[in-house]
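Q: Can you keep this structure in mind? I'll have questions shortly.
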Amino acid sequence: AARDRCVAGTALQAPDGIVARGIGMHAPASLTLDLSGRFRSLRGRVALDGSLRGLPAEGSVVFELRGDGKRLWQSPLVRGYSSAVDLPVVAVAEVRELELVVSDGGDGFAGDRANWLELRLSSE
């Protein structure tokens, strides 16, 4: 996982342009965050990195959020040409460990540069 960068080392790109903040991963991958129950909600969006446009393997992934091992949210299949998917407001109150999971979309892992974009945890 790479903070504020695509796994290729470039700036994060959403379908609608460059994004300053986020986490770049390559499926299959997961990242666990220690929340210690300090937050109430999470917002953000997900997309495959825009650097894939025009490449033979545009990728496909499924994003998932797990709180203490339980599924909190799962995206539809996201492809390289898809628009960014907005997360609903995901309740994380009392969640100790939040896991960001990216799985291959079923066509192999080539091009599976997955971005968690503009994630915002709130304690309100």
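The values are calculated or read from the model by the stated rules, or taken from the named source; none is laboratory data. All values reported here derive from a predicted model rather than from experimental measurement. As a convention, Cβ positions derive from the backbone with ideal geometry for all residues, glycine included, and neighbour counts pool all protein chains shown.
Q: Are there any pairs, at least 6 apart or on different chains, whose C-beta atoms fall under 7 Å, with the first in the range 62-83 and on the phi > 0 side of the Ramachandran plot and modelled with pLDDT of 95 or more and the second surrounded by 12 or more Cβ atoms within 10 Å (Cβ to Cβ) and acidic (Asp, Glu), and if so, which?
A: Asp68/Glu97
Q: Answer yes or no as to whether Gln13 is within 20 Å of Phe109 (Cα to Cα) and surrounded by fewer than 15 Cβ atoms within 10 Å (Cβ to Cβ).
A: no
Q: Can I ask one more? So Asp4 clears everything in (1) under 10 Å from Trp116 (Cα atoms); (2) surrounded by 13 or more Cβ atoms within 10 Å (Cβ to Cβ) except one condition, right? Which one?
A: Of everything listed in (1) under 10 Å from Trp116 (Cα atoms); (2) surrounded by 13 or more Cβ atoms within 10 Å (Cβ to Cβ), Asp4 misses just condition (2).
Q: Consider the range 96-124. How many of its residues are of a type outside the set (A, V, I, L, M, F, W, C), part of a strand (DSSP E or B), within 17 Å of the chain's Cα centre (by Cα) and more than 8 Å from Val61 (Cα to Cα)?
A: Residues meeting the conditions: 6.
Q: Have a look at Val19, Val46 and point out the one that is within 11 Å of the chain's Cα centre (by Cα), buried (at least 17 other Cβ atoms within 10 Å of the Cβ) and either of a type in the set (A, V, I, L, M) or modelled with pLDDT under 95 (or both).
A: Val46
Q: Quick one: is Arg66 charged (D, E, K, R), in a loop (DSSP other than H, G, I, E, B) and surrounded by 14 or more Cβ atoms within 10 Å (Cβ to Cβ)?
A: It is false that Arg66 is charged (D, E, K, R), in a loop (DSSP other than H, G, I, E, B) and surrounded by 14 or more Cβ atoms within 10 Å (Cβ to Cβ).
Q: Considering the range 29-59 alone, what residues qualify as being closer than 27 Å to Ala93 by Cα, assigned to a loop (DSSP other than H, G, I, E, B) and not hydroxyl-bearing (Ser, Thr, Tyr)?
A: Passing the criteria: Leu35, Gly37, Arg38, Phe39, Arg40.
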